[in-house]
Amino acid sequence: MKINFVDLKRQYESIKDEIDPAIQNVIENASFIMGPDMKEFEKEFAKFCGAKHCIGVDSGTTALSLAIKAIGIKPGDEVITVPNTFIATTLAVSDVGAKLKFVDIDPHTYNMSPDELEKAISEKTKLIIPVHLYGQCCDMDQIMKIADKHNIPVLEDACQAHGADFKGKKAGTFGIAGCFSFYPGKNLGAYGDGGAVITDDDQIAESIEMLRNYGQKKKYYHSLKGHNHRLDSIQAAVLRVKLKHLDSWNRSRNKNAQVYNKHLKKLIGEKVIIPYEHGKGSHIYHLYVIRVPKDKRDGLIRYLAEKDIYAGIHYPIPIHMQDAYKELQEHIGKFPLTEKYAEEIVSLPMFPELTEEEIMFVCENIKEYLNK
Ligand SMILES: *Cc1c(COP(=O)(O)O)cnc(C)c1O
């Protein structure tokens, strides 16, 4: 039995009847750039999130970059985030020449620790970027309380959290803006690259709209030195179809996670640490991440691959240990949880269409390897 890490072909088969005409419609109308599908998707996604504005862009990385610029972050400003994230979070900060300051993660959720955040804030802090990693929101009560106390804006990296909520409020709507990626493998994925920023702030929305479109509000009248970072209309048409299924897919992912939990507990017990749910909102399981003893981790992934089961690591190298960030390597040792967990985490296959039989097969093979 072959089990892919994600299986986008299986998903396409289930929505082919809706996707094909939607794409064809864009082609027949030749509405490739800034067409009605892009505008409609922006409205629909803003509504889905409960935000006033949504601005479609060409990737999640761009969404972060343009939001940081629109907020007014300048070279030398200090931006606080976590080293346990995908590198796009920090590349967007480096892109404007701002200075990264890391804080360690919560031991259970692996998201930004509010206690560590509080300790790290200084006079120079100009922005806080919590990352809702794996599909579960950070503790936004605590983070917003600390940010508000110091009057520092919050930008949410919600690139793994489309539709996740914290106490009923959707990811991306707590801070001044929220950023999403529509990379194909994300919970809401396009058939190519895509991204979006959501915000209630009219000024930020307006400046992102200009920054993504040559810095113009009116054609050929350029008030900013912008760039070309628009969301493609064909991608928007795909996203409009998929958005209608997102809640149901997210529920299936959560159900699959509970099936994993049940079988892993029964078969293996304490030897694997299953994902922790804080219970203050829905976990939409972009990734289902377990921890195993570090001397077993790489062997387990190889063993599973021999059985045609494809697992991953998100992420194997914390940002401050990456070659691209040599200047941050002096901080190695300062984020002990991030560094320890990076050697223990394994992301198991996770997508809405996984069957219980497939999940059991994965769990049985994990048991076989760990008991060897
Ligand atoms: C995917 C992702 C991004 C970047 O999105 P792209 O669309 O690939 O540019 C940023 N942050 C996090 C946490 C992500 O998972």
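The values are calculated or read from the model by the stated rules, or taken from the named source; none is laboratory data. This one's a predicted model, so the numbers in the text were calculated from it and none came from an experiment. Positions of Cβ are backbone-derived with ideal geometry, glycine not excepted, and every protein chain shown enters the neighbour counts.
General remarks:
- Tabulated pairs, the stretch 62-74, first closer than 16 Å to ASP202 by Cβ, second more than 9 Å from the ligand (Cβ to nearest atom) and in a loop (DSSP other than H, G, I, E, B), C-beta under 6 angstrom, 6+ apart or interchain: ILE71/PRO153
- Taking the criterion of being surrounded by 14 or more Cβ atoms within 10 Å (Cβ to Cβ) and out of contact with any Lys or Arg (no Cβ under 7 Å at 6 or more places or on another chain), the residues of the stretch 40-51 that qualify are GLU42, PHE45, PHE48, ALA51.
Residues checked against (1) of a type in the set (Gly, Ala, Ser); (2) touching an Asp or Glu at 6+ places or on another chain (Cβ under 7 Å); (3) modelled with pLDDT of 95 or more; (4) surrounded by fewer than 19 Cβ atoms within 10 Å (Cβ to Cβ):
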{"residue": "ASN256", "(1), (2), (3), (4)": "no, no, yes, no"}
{"residue": "HIS286", "(1), (2), (3), (4)": "no, no, yes, no"}
{"residue": "TYR303", "(1), (2), (3), (4)": "no, no, yes, yes"}
{"residue": "GLY333", "(1), (2), (3), (4)": "yes, no, yes, yes"}
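- Matching entry among MET112, MET34 (being of a type in the set (A, V, I, L, M, F, W, C) and free of Cβ contacts under 8 Å to residues at least 40 places away in the same chain): MET112
- Residue that is surrounded by the fewest Cβ atoms within 10 Å (Cβ to Cβ), among those in the stretch 188-208 that are of a type outside the set (D, E, K, R) and more than 14 Å from the ligand (Cβ to nearest atom): GLN203
- Look at the stretch 309-334: where a residue is farther than 30 Å from ASP7 by Cα and a partner is basic (Lys, Arg), sitting 6+ places away or on another chain with Cβ atoms under 9 Å, you get HIS320/LYS334.
- Helices (runs of 4 or more DSSP H) contained in the stretch 27-123 and holding at least 2 residues within 16 Å of the ligand (Cβ to nearest atom): 36-49, 60-71, 88-95
- Residue satisfying all of: in the stretch 139-160; in contact with a helix residue (DSSP H, G or I) (Cβ under 7 Å, 6 or more places away or on another chain) and assigned to a strand (DSSP E or B); farthest from the ligand (Cβ to nearest atom) among these: VAL154
- Any hit, the stretch 9-22, residues being surrounded by fewer than 14 Cβ atoms within 10 Å (Cβ to Cβ), free of Cβ contacts under 8 Å to residues at least 60 places away in the same chain and in contact with a helix residue (DSSP H, G or I) (Cβ under 8 Å, 6 or more places away or on another chain): yes
- Any hit, the stretch 306-323, residues being out of contact with any strand residue (DSSP E or B) (no Cβ under 9 Å at 6 or more places or on another chain), under 28 Å from LYS367 (Cβ atoms) and basic (Lys, Arg): no
- The stretch 81-108 residues that are aromatic (Phe, Trp, Tyr), paired with ones that are in a helix (DSSP H, G or I) (beta carbon under 7 Å, 6 or more apart): PHE102/HIS320; PHE102/HIS331
- Residue satisfying condition, being at pLDDT 95 or above and in a helix (DSSP H, G or I), within set GLU343, GLU277, GLU353, GLU358: GLU358
- Subset of the stretch 172-187 that is surrounded by fewer than 24 Cβ atoms within 10 Å (Cβ to Cβ) and within 9 Å of the ligand (Cβ to nearest atom) - its residue that is farthest from LEU354 (Cα to Cα): TYR183
- Among residues of the stretch 20-51, those that are of a type outside the set (Phe, Trp, Tyr) and under 26 Å from TYR288 (Cβ atoms), counted: 1
- Residue check for ASN228: farther than 30 Å from ASP95 by Cα and over 20 Å from the mean Cα position of the chain (by Cα): no
- Test: residue in the stretch 148-164 that is charged (D, E, K, R), free of Cβ contacts under 8 Å to residues at least 40 places away in the same chain and surrounded by fewer than 18 Cβ atoms within 10 Å (Cβ to Cβ): yes
- The stretch 124-138 - residue that is more than 11 Å from the ligand (Cβ to nearest atom) and out of contact with any Pro (no Cβ under 9 Å at 6 or more places or on another chain) and, of those, nearest to ALA92 (Cα to Cα): THR125
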